[in-house]
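Presented below is the structure to which this report refers.
The values are calculated or read from the model by the stated rules, or taken from the named source; none is laboratory data. Keep in mind that this is a model prediction, so the values were computed, not measured. So basically every Cβ, Gly included, is an ideal-geometry build from the backbone, and we count neighbours across all protein chains shown.
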Amino acid sequence: MSLKFAVFVVLVALASAEEPCREHIRKLKADPSLRMDADACTSRHGKFNLHIDLIHGLVNEHISQSFLYSSMSSHFASDKVNRLGLSKFMGGLADNMWSDAIELIKYVGTRGAGMAPSMDPAKTTKTGLHFATKAVGGTVDGLTEVEAFAWALDSHHEIASQVHYIHSQTRDAALIGFLEKEFTAKHADSIRELSGALSNLVPMSKDAAGREMALYLFDQTYLG
């Protein structure tokens, strides 16, 4: 194949890729009674649609964790537990998860897709908005400081794994860039913080003599 012919083929391919929208607009111009077909001039491009179910799952996981962290924040704020520092910290995690979910939903919209609940029974576990609260033992009642941080660490590992899986599966450059900018570094920092907190918490919880004072002082560090 000659260079001139190869260039011609590429130009024809590019022109063909643009024709659906152009042709549709020409038809609308020729016949004013026709309605605009959004699919003809969509913002969908690349291979984003191949992974929309995975993105929906990531959104739902963020929402689920946000609700759970809110419950954990309320638990530690109660007068019986009175760990106001941990309450503030868990509330911050809830806000972060919710904000990230909103950013994901906005991004889905910019790529020509949506987050409306799926009417396809075969996809109800993967698409649309839904959440199921989960916690240690199924409830936050009686949750200790160590258990709370352990659950948070596992949860952040779960979301990081989902993001890394999507990153490894897609060849959509825009989606890869979005995930790297908004999630990967932030996840690494959060996982490091939670893991480090557990390194301090576990020895404190095992020291019967100074346990209560140590946990109290640990909690106070999150009130700053």
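Out of region 98-111, which residues are more than 11 Å from E182 (Cβ to Cβ), buried (at least 18 other Cβ atoms within 10 Å of the Cβ) and in contact (Cβ under 8 Å) with a residue 60 or more places away in the chain?
R111
Can you find a residue that is under 18 Å from A173 (Cα atoms), among the basic types (K, R) and not in a helix (DSSP H, G or I) anywhere in region 97-107?
Checked region 97-107: no residue is under 18 Å from A173 (Cα atoms), among the basic types (K, R) and not in a helix (DSSP H, G or I).
For region 179-223, what are the residues that are free of Cβ contacts under 8 Å to residues at least 12 places away in the same chain, of a type outside the set (A, V, I, L, M) and farther than 28 Å from A160 by Cα? Working first, answer last.
In the first step, residues of region 179-223 are kept if they are free of Cβ contacts under 8 Å to residues at least 12 places away in the same chain; the result is 181, 185-186, 189, 192-193, 196, 199, 203, 206-214, 216-217.
Filter once more, so that each one left must be of a type outside the set (A, V, I, L, M): 181, 186, 189, 192-193, 196, 199, 203, 206-207, 210-212, 216.
The answer is K206, D207, G210, R211, E212, Y216.
When only residues in region 40-62 that are part of a loop (DSSP other than H, G, I, E, B) and under 14 Å from L179 (Cβ atoms) count, which is farthest from the chain's Cα centre (by Cα)?
G46
Name every residue in region 122-157 that is surrounded by 15 or more Cβ atoms within 10 Å (Cβ to Cβ), modelled with pLDDT under 85 and closer than 18 Å to F76 by Cβ, in order of residue number.
A135, V136, V140
So the check is Cβ under 8 Å with 6+ separation or different chains; which pairs have a first residue in region 43-61 that's on the phi < 0 side of the Ramachandran plot and a second one that's of a type in the set (F, W, Y) and surrounded by fewer than 17 Cβ atoms within 10 Å (Cβ to Cβ)?
What qualifies is L54/Y165; N60/F131.
What's the number of the condition S2 fails, among (1) modelled with pLDDT of 80 or more; (2) more than 28 Å from the chain's Cα centre (by Cα)?
Going through the list (1) modelled with pLDDT of 80 or more; (2) more than 28 Å from the chain's Cα centre (by Cα), S2 breaks only (1).
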